[in-house]
Amino acid sequence: MDAKRRTAMKYYAGLDVSLEKTSLCIVDGEGKIMAERKVASEPRAIAEALRAVGLALERVGLEAGPLSPWLHDGLRAEGLPAICIETRRMKAALRAMRNKTDRNDARGIAQVMRTGWFRFVHVKSRESQELRLVLTHRKTLQCKALDIENEVRGTLKAFGLKVGKVSRGRFAARVRELVADRPRLRAATEPVLKARGCAGGIRPPPSHGP
């Protein structure tokens with residue numbers, strides 16, 4: 001390909017991401033495969049591999065997934081036109097492929113980048129992701145605390161010990177009252193009560209609203 005045509009041609013990259021490795025494929029505007037690589041699933045490694053080909057990329061696509069926000073932000077920071085695409089439509093496009101491999105998936109994503117048959121997925125800001133993480137973990141701990149309470153209530157009933165209706169703040173004190181003169185039960189329940197107390201270890205993030 002002469003230099004003039006190479007400059008005028010548009011190029012597109014597809015990334016098939018797994019936990020350790022990412023398969024990448026670059027195609028030109030006519031769908032011809034220009035380069036293929038497998039690199040570490042790290043923004044810098046992917047960016048270096050894409051730049052090493054020496055082609056100006058129009059779009060770099062990767063499916064939405066656990067690593068996609070991190071990789072998307074990292075590639076954008078490296079100056080690459082990375083976009084995150086909706087998984088459902090991408091799977092429908094790749095379903096027609098005869099042999100499903102990481103290499104072929106990267107090829108399929110690159111071709112979809114070229115044809116434009118995809119839907120963007122909005123990637124939330126780092127702050128939004130961090131706040132969501134805090135809220136999600138807090139919710140998980142709250143659910144586990146409730147599971148522990150139900151477990152303690154159920155197991156103590158076998159010994160005729162009834163916790164009864166108490167507030168969540170009074171729950172641990174009430175259990176300790178019931179097992180105060182039962183050393184073995186005290187030893188069995190105390191670690192569980194301490195684990196339940198950890199549910200208050202993550203507080204909701206401060207509100208930034210009015």
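Structure summary
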quantity	calculated
Flag if Ile83 is within 30 Å of Gly29 (Cα to Cα), assigned by TED's automatic domain parsing to the domain that holds Ser18 and assigned to a helix (DSSP H, G or I)	no
Single condition Pro183 does not satisfy, out of (1) within 37 Å of the chain's Cα centre (by Cα); (2) surrounded by fewer than 12 Cβ atoms within 10 Å (Cβ to Cβ)	(1)
Candidate set: the stretch 54-66, residues that are more than 13 Å from the chain's Cα centre (by Cα) and buried (at least 16 other Cβ atoms within 10 Å of the Cβ); chosen: the one farthest from Leu133 (Cα to Cα)	Leu55
Any hit, the stretch 1-14, residues being assigned to a helix (DSSP H, G or I) and either closer than 19 Å to Gly108 by Cα or hydrophobic (A, V, I, L, M, F, W, C) (or both)	yes
Test: residue in the stretch 36-47 that is of a type outside the set (Ser, Thr, Tyr), part of a loop (DSSP other than H, G, I, E, B), without any contact (Cβ under 8 Å) to a residue 40 or more places away in the chain and within 23 Å of Arg119 (Cβ to Cβ)	no
Single unsatisfied condition, Val112 versus (1) under 21 Å from the mean Cα position of the chain (by Cα); (2) in a helix (DSSP H, G or I); (3) modelled with pLDDT of 90 or more	(1)
Selection count, the stretch 55-75, where residues are of a type in the set (Gly, Ala, Ser), in a loop (DSSP other than H, G, I, E, B) and within 14 Å of Leu24 (Cβ to Cβ)	0
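The values are calculated or read from the model by the stated rules, or taken from the named source; none is laboratory data. This is a predicted model, so every value here is computed, not measured. When we count neighbours, we look across all protein chains shown, and the Cβ atoms used for this are built from the backbone with ideal geometry, even at glycine.
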